[in-house]
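Chemist: Dumping the structure here so I can ask a few things about it.
Bear in mind these aren't lab numbers, they're just calculated from the coordinates by the rules spelled out. Note that the coordinates shown come from a computational prediction; the quantities given were computed from them, not determined experimentally. Cβ coordinates were reconstructed from backbone atoms using ideal geometry, including for glycine residues, and neighbour counts include every protein chain displayed.
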Amino acid sequence: MRRFFRRGRLDAERAREMQAHLDHYVDDLIAAGHPRDRAIREARRRFGNPAAIREEIYEMNSLPVFETLLRDLRYAFRMLRKTPGFTAVALITLGLGIGANTAVFSVVNALLLEPLPYPQPERLALISYDARSPRGENHSTGSDGQMFMTVRDNAKTVDAAAVGGTTGVNLLAAENQAAYVQQQRVSAGYFRVLGVAPLVGREFTPEEDRAGGDAAVILSHGLWRRLFQGDPSVLGRAILLRGEQYTVVGVMPASFEVTERHSFQAGQGVDLWTPLRPSTKGEGGGVNYSGIARLRDGVSWTQARSELQQLSGQAFSLWQMQPDVTVTLGLVSMQEGLTADLRQPLMMLWGAVAIVLVIACVNIAGLLLARGSTRTREIVTRMALGSGRAAVIRQLLVESGVLAIAGGVAGLLLGWGALEALKRLGLDTFDFWQPIRLDWRVLVVTMATAIVTSVIFGLMPAMQASRLDVQAGLSEGGTRAVAGAANRWPRKLLVIGEVALGVVLLISAGLLLRTFVHLRNQNPGFDAGDVVTASVSLQDARYRDPAKVNYLFTETLRKVRAIPGVQGAGVALGLPYERLLNNGFSKIEDPPTETKITNQSYVTPGYFETLRVPLRAGRLLTDSDTSESPGVAVVNEAFVRRYFKGEHPVGRRIRSGSLEREIVGVIGDIQQGSAGWGNFGPISPLPCVYIPASQTSSGFLTLVHTWFQPSWVVRTGGTVAALLPDLERAIQGVDAQLPIAKVRTVTEVRGDTLAQQQFMMSLVAGLGFIALVLAAIGIHGLIASSVSERTRELGIRLALGATAAQTMQAVIVPGLVLATIGVAIGGASALAVSRLLRSFLWGVTPTDPLTFAAVVILLLGVALAASVIPAMRVLRLDPALTLRAE
Amino acid sequence: MTLKKKAQKPGSDLLQGTLDMLVLQALRLGPAHGYTIARVIEQRSDAFLQVEQGSLYPALNRLEDRGWLDSYWATSENNRRARYYRLTPKGRRQLERESEQWAQLVRAIGLVMRPIEE
């Protein structure tokens, strides 16, 4: 083996050695009295041919397997170079297929497969509960106060903690150093359960984590560096959070990454943590916590689950349930629980790219088959000359292997590019705990895909080629038979298959696109142009009093309205396209126990006018609706349709809690984000009750401000950029310590709400496009090779008087027939597949005729174009030349 | 597989094993270069065995590949650079084995070929 690689150098050495032999010989002969020239001649004669000897030694040092492999490789490269068109198409096809897979697998890997960034992540769990009744089963994660505290105080198999929501709050680290930061509330033991100790200081004690405990705060590494320049003496320092004083007790390390699936403000990192102080009332009265747990050492999941199940009675003692419902406490693996919502769309996506890869493989198989058939003559010649079947198969396999590996590399590059593009497209709408990157797993999967593709699809044409009857092949090739197409059926099946898969993918993409367009083009219900929004957090001790809140609103609005160019301004708890509060209410004439659910928002006078929402009946809210005047509310048409069908709502009274309000007006519907109840789309006109901001209680405001941030909406004649400084000054002019959390136009708010839909749609549409390109390549390849194989036949036809049009038809029609069959099969499969998509579709049925028709027409059009282009070659045929050819 | 069949020289098979043994034996006297090896074999056989140069070098290559010889470049008695071969310990053991086998073979053939007493 060693000699095999060194044999070039060894050979040169051997030549020198033999020369030395000759020289010694000559020396001896001269010494024996021969003249020099005769001596040299004699020595040469006796020695024989040195080159022949060297060749023999060279052969001795060679390894047959390597030898043939190298030769096959050289040959493969030469073949690929000689057919640049084929090579390019094959590389593009493989590159697209593998690239798409690489990119999507990277995402799947980062989201579903990469472990959570905590020690022993496989022993981390989320507390869950199962509700069973004769009507069905419901499995959810999350905890209320009673559930969490039951597990925390009683469970021996797990160490439990809980986390509340993440909200944006106002922080005052020093005088005039106000910042808007993300606060997360966590129970004592939260960091211990996750397995990450604070970098400086300690985590919360159980004493701090109960009502009335000391106000402590733990800072994130980022905030610590930003506000305190990484000063370790920050421990014990007091900061003002939401207007209350908190003492810094710890700083987390930079490596501590936070998942925030349970925050209302996804996509923002957590800046600081405060104690959760769980309770069984208020926030803790509903499932608003995320209970987390770590299995104690030596405890199995089964043991932990069975212990929790036994605690069910105590955990749900406060729940009022129908008698036939049983609820049990349980545990799900943390990773599984956190990714539950993503699993289905991601798996669908993976399915889609798998289809693309299958199409790509089909194309490659088709291309190789076509090449196999055009190389029939070459192959049978080689076999006739004594080349073994195995040698032919090996040669073809090496060729497809070279192709596959080159394609794999191309795919890796394309995949990397696609991943970068995906990141820009808004991949961050998902919650990641791992950076998305091409890691070794992705690499292995990619290369394995390439190699498996190569072996399977390289083998098929190779087997077909090796079954060739040498004699028939030679005679057929030799005489250029008229229609020897008997062995093309595998290719035809492949083309049918890829057209069908393309149809399925394009129809899915079409349905998602229609959904997106539907959501985007919903009549907003207001005039969305030139409206700027600014939100602030009022989760602040200084804003518990409704009078304070209303003073802030009134004063800032007075200043904003005075800004030149401003046409109107108002404040509301929730913006259009955003999620609104869910609240129960009942009609005054119904018993108070019969509550219905609706979405709710408080608004100031001027809000509807600024958005230009049409008034359908009654009046809008005015400055005369004050805390002293009778309770009023404005409802929208969707509310009327749902709860006052056929009745006249103005003047009717509704009750929410102990408060009674009279409906004074009906406005048009405004599009809102997901409802949180019922069966509404991601954007839809929800039933909604609007109450005056002036008629709210302290308790109500405190509660809703922990979840929602009120927003100013301003309609301006000028530009957003010009308005911004004035708007900021107006708000800061009333409260200098109130930082603005977010400034967006209403259109941007809609974009944020639709980001995930847009992402999914773009992705599937991109895949659909790739599938279309690949299907076109497949059809084009089939027709092109059939034209070149039938050149002689077509020449005869032309010579016998067929017109060019007739001849072209003869070539094109088979392609179109295949495409039609493929479209029919694909359409039927799409009917089944689109049912799976149902939960992602809004405003379009899974069997949307328009989408189906458009995709069918598109694919048939592409099939026609892909057939006509190679068929054009017929027009350039010269019958005389063709007949003489070969 | 299309293993190229080596063109077999008539009689080379017969010679091969024997030549290997002769080369090893020639080197028992000490390191030598190819020409000296050929001369030694010729002289010791009273010029009966003419070592074909065309077989000597492939044999040397083969023996070295098996680890029975190793080689180095040195200056010869004629003041020329030449490649010297010497026995490795493994080669020495091989030579002993072969000598023994050869002796047995010669004895056996001798026994067969001894004049038949009628």
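Chemist: Quick one: net charge around A:Ala675, please, counting Lys, Arg +1 and Asp, Glu -1 for every other residue with C-beta under 15 Å from its C-beta. Mind dumping the intermediate values first?
Modeler: On the way: positive: A:Arg579, A:Lys596, A:Arg641, A:Arg642; negative: A:Glu578, A:Asp669.
Once positives and negatives cancel, what remains is +2.
Chemist: Another question, if that's okay. Just add up the charged neighbours of A:Asp231: K/R +1, D/E -1, any other residue whose Cβ is under 13 Å from the Cβ of A:Asp231.
Modeler: Numbers: positive: A:Arg225, A:Arg226, A:Arg237; negative: none.
So the surrounding residues net to +3.
Chemist: Provide the three semi-axes, in whole Å and in decreasing order, of the ellipsoid equivalent to the range A:489-610 as defined by the square roots of 5 times the Cα gyration tensor eigenvalues. It would help to have the intermediate numbers written out before the result.
Modeler: On the way: eigenvalues 466, 114, 38 Å².
In descending order, the three semi-axes are 48, 24, 14 Å.
Chemist: Taking loop as defined by DSSP and a crowding limit of 11 other beta carbons within 10 Å, which trypsin sites (Lys or Arg not before Pro) in the range A:628-712 fit?
Modeler: Details: sites: A:Arg641, A:Arg642, A:Lys645, A:Arg652, A:Arg653, A:Arg655, A:Arg661; in loops: A:Lys645, A:Arg652.
In loop regions of the range A:628-712 (DSSP not H, G, I, E or B), the sparsely surrounded trypsin sites (Lys or Arg not before Pro) are A:Lys645.
Chemist: I'd like to verify something in chain A: which complete DSSP H helices, judged by Cα projection on the helix axis, reach 24 Å or more and average at least -1.0 on the Kyte-Doolittle scale? Don't jump to the answer; show the numbers that get you there.
Modeler: Values: long enough: A:2-31 (41 Å, -0.98); A:64-82 (27 Å, -0.20); A:84-108 (35 Å, 1.62); A:334-374 (56 Å, 1.14); A:389-426 (53 Å, 1.06); A:440-466 (37 Å, 1.43); A:489-520 (46 Å, 1.29); A:755-789 (50 Å, 1.37); A:804-836 (47 Å, 1.46); A:849-871 (32 Å, 2.32).
What comes out of the filter, once short or polar helices are dropped, is A:2-31, A:64-82, A:84-108, A:334-374, A:389-426, A:440-466, A:489-520, A:755-789, A:804-836, A:849-871.
Chemist: Suppose each label sits 7 Å from its Cα in the direction of the beta carbon; what would the A:Gln310-A:Tyr58 distance come out to in nanometres?
Modeler: My value for the distance between the label points is 8.3 nm.
Chemist: Just from the alpha-carbon atoms, what are the Rg and Dmax of the range A:1-98 in angstroms?
Modeler: 23.8, 79
Chemist: Mind listing the long-range amide H neighbours of A:Arg616? Cut-off is under 5 Å, sequence gap 5 or more, other chains count too, H placed in the peptide plane at 1.01 Å from N.
Modeler: Those lying under 5 Å, H to H, from A:Arg616 are A:Val666, A:Ile667, A:Gly668.
Chemist: Something else: Can you tell me the length gained on complete extension of the stretch A:Lys82 to A:Asp153, counting 0.36 nm per residue apart and subtracting the Cα distance? List each step's numbers first, then the result.
Modeler: Working: separation 71, 0.36 × 71 = 25.56 nm, distance 7.58 nm.
Answer, rounded to one decimal: 18.0 nm.
Chemist: Taking the Cβ-Cβ separation of A:Arg296 and A:Ala384 as r and a Förster radius of 56 Å, what is the calculated FRET efficiency to the nearest 0.05? It would help to have the intermediate numbers written out before the result.
Modeler: Working: r = 75 Å, r/R0 = 1.35.
After rounding to 0.05, the efficiency reads 0.15.
Chemist: For A:Gly165, what residues show an amide H to amide H distance below 5 Å, using hydrogens built from the backbone and excluding near sequence neighbours?
Modeler: Under 5 Å from the amide H of A:Gly165 lie the amide H atoms of A:Arg185, each far enough along the sequence or on another chain.
Chemist: Here's something else I'd like to know. Translational diffusion coefficient of the range A:553-693 at 4 °C, 1.567 mPa s, Stokes-Einstein with Kirkwood Rh over Cα pairs, in µm²/s as a whole number. Intermediate results must be reported in sequence, preceding the final value.
Modeler: Working: Rh = 15.6 Å.
Result for D is 83 µm²/s.
Chemist: Where nothing but the Cβ of Lys and Arg (+1) and of Asp and Glu (-1) is charged, how large is the charge dipole of the range B:20-118 around its Cα centre, in debye to the nearest 20? Present the calculation step by step, with values, prior to reporting the outcome.
Modeler: Numbers: 15 positive and 13 negative charges, 103 e Å.
For the range B:20-118, the charge dipole is close to 500 debye.
Chemist: Compute the label zone of A:Thr845 within the range A:501-529: residues whose backbone N is under 16 Å from the point 7 Å along Cα-to-Cβ.
Modeler: Output list for this probe position: A:511, A:515.
Chemist: Would you mind listing how long the range A:106-202 runs along its three principal axes, going by Cα atoms, in whole Å with the largest first?
Modeler: 60, 36, 29
Chemist: Please compute the alpha carbon radius of gyration of the range A:211-335, then divide it by the globular-protein estimate 2.2 N^0.38 Å. Two decimals is fine. It would help to have the intermediate numbers written out before the result.
Modeler: Details: Rg = 18.8 Å, N = 125, 2.2 N^0.38 = 13.8 Å.
Its radius of gyration relative to the 2.2 N^0.38 Å reference: 1.37.
Chemist: In addition: Using the charge dipole of chain A (Lys, Arg: +1 at Cβ; Asp, Glu: -1 at Cβ; taken about the Cα centre), state which of A:Ala863, A:Phe700, A:Phe526 has its Cα farthest towards the positive end.
Modeler: Value computed over the given set: A:Ala863.
Chemist: Right, another one. Would you mind giving the average projected area, over all directions, of the Cα convex hull of the range B:13-113 in nm² with one decimal? Don't skip to the end; give the middle numbers.
Modeler: Working: hull surface 27.9 nm².
With the hull built on Cα positions only, its mean projection is 7.0 nm².
Chemist: Can you give me the long-range amide H partners of A:Arg652? Hydrogens built in the peptide plane at 1.01 Å from N, cutoff under 5 Å, separation of 5 or more residues or another chain.
Modeler: Placed amide hydrogens put A:Ile663 under 5 Å from A:Arg652.
Chemist: Something else now. Compactness ratio of the range A:730-838: Cα Rg over 2.2 N^0.38 Å, N = residue count? List each step's numbers first, then the result.
Modeler: Numbers: Rg = 27.9 Å, N = 109, 2.2 N^0.38 = 13.1 Å.
Taking N as the residue count of the range A:730-838, the ratio is 2.13.
Chemist: Can you give the translational diffusion coefficient of the range A:135-323 in µm²/s, computed by Stokes-Einstein from the Kirkwood radius over Cα pairs at 25 °C and 0.890 mPa s?
Modeler: On the way: Rh = 17.6 Å.
For the chosen part, D equals 139 µm²/s.
Chemist: Relative contact order, percent, of chain A when contacts are C-alpha pairs under 8 Å separated by at least 6 residues? Let's see the in-between values first.
Modeler: Numbers: 1524 pairs, mean separation 134.8, N = 886.
Taking the mean separation of contacting Cα pairs over the length of chain A, I get 15 percent.
Chemist: Then there is this: Using only Cα atoms, what is the ratio of the radius of gyration of the range A:288-366 to 2.2 N^0.38 Å?
Modeler: After normalising by residue count via 2.2 N^0.38 Å, the value is 1.82.
Chemist: Just add up the charged neighbours of A:Tyr577: K/R +1, D/E -1, any other residue whose Cβ is under 12 Å from the Cβ of A:Tyr577.
Modeler: Values: positive: A:Arg520, A:Arg579, A:Arg744, A:Arg750; negative: A:Glu578, A:Glu748, A:Asp752.
Taking every other residue near A:Tyr577 into account, the sum is +1.
Chemist: Further, regarding this structure: For the range A:68-107 and the range A:141-189, what is the centre-to-centre distance using only Cα atoms, to the nearest Å?
Modeler: Their Cα centres are 53 Å away from one another.
Chemist: Moving on. Each residue of the range A:232-237 in order: what ³J(HN,Hα) in whole Hz does its phi give by Karplus 6.51 cos²θ - 1.76 cosθ + 1.60, θ = phi - 60°, with x for Gly and Pro?
Modeler: Those phi angles translate into x, 6, 5, 4, x, 6 Hz.
Chemist: Multiplying the sequence separation of A:Ile451 and A:Ala547 by 0.36 nm and subtracting their Cα-Cα distance, what value in nm do you get? All intermediate terms of the calculation are to be shown ahead of the outcome.
Modeler: On the way: separation 96, 0.36 × 96 = 34.56 nm, distance 7.12 nm.
The A:Ile451-A:Ala547 span can extend by a further 27.4 nm.
Chemist: Toward the positive end of the charge dipole of chain A, about the Cα centre and with charges on Cβ (Lys, Arg +1; Asp, Glu -1), which of A:Val874, A:Val158, A:Met321 goes farthest?
Modeler: Most positive-ward Cα: A:Val874.
Chemist: Computed FRET efficiency, Cβ-Cβ of A:Val813 and A:Arg561, R0 60 Å: what is it to the nearest 0.05?
Modeler: On the way: r = 72 Å, r/R0 = 1.20.
Efficiency, rounded to the nearest 0.05: 0.25.
Chemist: Just flag the trypsin sites (Lys or Arg not before Pro) in the range A:101-159 sitting in loop per DSSP whose Cβ has no more than 12 other Cβ atoms within 10 Å. Could the numbers behind the result be given before it?
Modeler: Values: sites: A:Arg123, A:Arg132, A:Arg135, A:Arg152, A:Lys156; in loops: A:Arg135, A:Lys156.
Passing both the DSSP loop test and the Cβ count: A:Arg135, A:Lys156.
Chemist: A follow-up question, please. Apply the Karplus curve 6.51 cos²θ - 1.76 cosθ + 1.60, θ = phi - 60°, to the phi angles in the range A:289-299 and return the couplings in whole Hz, x for Gly and Pro.
Modeler: 9, 10, x, 10, 8, 10, 5, 6, 4, x, 9
Chemist: Sticking with this structure for a sec: State the antiparallel share, in %, of DSSP beta bridges confined to the range A:135-323, rounding to the nearest 5. Don't jump to the answer; show the numbers that get you there.
Modeler: On the way: 25 of 33 bridges.
Given both bridge residues lie in the range A:135-323, the antiparallel proportion sits at roughly 75 percent.
Chemist: In the protein assembly as shown, if the dipole is taken from +1 on Lys/Arg beta carbons and -1 on Asp/Glu beta carbons about the Cα centre, which of A:Ala110, A:Gly168, A:Asn583 is farthest to the positive end?
Modeler: A:Ala110
Chemist: Another one. What list of ³J(HN,Hα) values in whole Hz, one per residue of the range A:566-580 in order, does the Karplus curve 6.51 cos²θ - 1.76 cosθ + 1.60 (θ = phi - 60°) give from phi, with Gly and Pro shown as x?
Modeler: 3J(HN,Hα) across the range A:566-580, in whole Hz: 6, 9, x, 8, x, 10, 9, 5, x, 8, x, 6, 9, 6, 10.
Chemist: Another one. Taking every pair of alpha-carbon atoms in chain A, what share in percent sits in each 20 Å bin, from 0 to the bin with the longest distance?
Modeler: In order of increasing distance, the bins hold 12, 32, 28, 18, 9, 2, 1, 0 percent.
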